[in-house]
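Here the structure is laid out as structure tokens; the discussion comes afterwards.
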Amino acid sequence: MRDSLGRNHAELVQALASGQERVWRLMDEKLAELRQSTDQKLAEIQKTVNEQLHQAVEQQMAASFSRVTEQFALVQKAMGDVQAVTAQISDIKRIFSNVRTRGGWGETQLRALMVEVRRHLPEITVPLLLIYSKADQTVPFGNMQMIAEQVRSTDLVQKTLERSDHVLTQEIEREAVYEMVWEFLSARLE
């Protein structure tokens, strides 16, 4: 009986060892499958996240580019308006520089030009920067307010200087004028 119990015990130990080995192999296989499945799902999630992130970045870049393009178009239109006004100012300068020679005819032309400019003020709808100097002896200070009231621009900035005469970009405060223009344009191109 002892022999029989010894054999049964040895067979039982061997069966347990064999069963335990199969359990370990099965667990290793299942863990490998689980790891592979998890890695695959993580890769799919990462791919989806990357695609959505790429799409969001593309949309935001397209929207930003569109805004920049629109703002650039507005700046170009404003520059065109400024060039038109500059041409009219050149005409005024010519008239003023030769008032004595032209006399009454020059003054009549100047008045007609001023009426024409005022007539077109309501057509200005782009962002507008008005700069005036209190020391300007050519144009009355009230003209800046009159212009501000007649234009239809919803983005209107008015700045006042203290010491410059009429040609602001050539006067003592010209650096301040350049800074004001730079700030105005930079704020609208962001």
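Here, each number is a calculation from the coordinates, and none is a lab measurement. For clarity, every value in this text was computed on a predicted model and none was experimentally measured. Neighbour counts are summed over all protein chains in view; Cβ atoms, including those assigned to glycine, are modelled from backbone coordinates with ideal geometry.
The table below lists the values:
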read-out: Dipole magnitude of the chain about its Cα centre (Cβ charges: Lys, Arg +1; Asp, Glu -1), debye to nearest 20; value: 380
read-out: Cα-centred dipole magnitude for the stretch 124-190, charges only on beta-carbon of K, R (+1) and D, E (-1), debye, nearest 20; value: 200
read-out: Gain in span if fully extended, THR69 to VAL157, counting 0.36 nm per residue against the direct Cα distance; value: 29.5 nm
read-out: Computed label-point distance, nm, for sites GLU58 and VAL167 using a 7 Å Cα→Cβ extension; value: 5.5
read-out: Ranked list, fewest to most other Cβ atoms within 10 Å of each Cβ, for VAL68, VAL157; value: VAL68, VAL157
read-out: Nitroxide proxy distance, nm - points 7 Å out along Cα→Cβ at GLN46 and GLN20; value: 3.8
read-out: The stretch 124-190, relative contact order [Cα under 8 Å, separation at least 6], %; value: 37
read-out: Rounded if a/c under 1.5, otherwise prolate or oblate - the stretch 124-190, Cα gyration tensor axes; value: oblate
read-out: Options (1) -0.80, -1.12, -1.20; (2) -0.72, -1.13, -1.22; (3) -0.52, -0.94, -1.07 - which one matches log10 I(q)/I(0) by the Debye sum over Cα atoms at q = 0.12, 0.16, 0.17 Å⁻¹ as calculated here; value: (1)
read-out: Label-point separation, MET114 to GLN88 (7 Å along Cα→Cβ), nm; value: 1.3
read-out: The chain: angle of helix 174-189 to the longest principal axis, Cα-based, in degrees nearest 10; value: 40
read-out: Crossing angle, helix 2-97 versus the chain [Cα axis fit, 0-90 degrees, rounded to tens]; value: 10
